[in-house]
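Notes follow once the structure below has been shown.
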Amino acid sequence: SIFKADKNHIHHRLLNITGSHLKATMVILISNTAIILIVYSLRETGNKILIISLILAGIIFSILLGVKMDDFSNKKNH
């Protein structure tokens, strides 16, 4: 259920990777700032390009987070 608390939220995943609340928060802050800059810089290009850019940014962030989670899991298991 999406209404049930668990450890699968981005903050918890980043906390496992970075090891500290400050570092996890900084990653979220930098990611949000990057998205704001993308939106601001592409505001004149039209909605299609803006939406595609945001989707690509989300995919890239998800891939990077997934790769880091795999690295973290591999280090934790060894």
In the stretch 9-61, how many are open to solvent by 60 Å² or more (accessible area, probe 1.4 Å) and β-branched (V, I, T)?
13
Could you list, in sequence order, the residues of the stretch 42-58 that are among the charged types (D, E, K, R) and outside any helix (DSSP H, G or I)?
R43, E44
Residue hits (the stretch 1-52; touching a Gly at 6+ places or on another chain (Cβ under 9 Å) and charged (D, E, K, R)) are none
Of everything in the stretch 32-78 that's polar (S, T, N, Q) and at pLDDT 85 or above, which residue is nearest to G19 (Cα to Cα)?
N32
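The values are calculated or read from the model by the stated rules, or taken from the named source; none is laboratory data. Nothing here was measured: the structure is a model prediction, and the numbers come from that model. Heads up, the Cβs are rebuilt from the backbone with ideal geometry, glycines too, and the neighbour counts pull from every protein chain shown. Please note that ligands, DNA and RNA were not included when accessible areas were found on the heavy atoms of the full protein model with its side chains. Shrake-Rupley method; radii C 1.70, N 1.55, O 1.52, S 1.80 Å.
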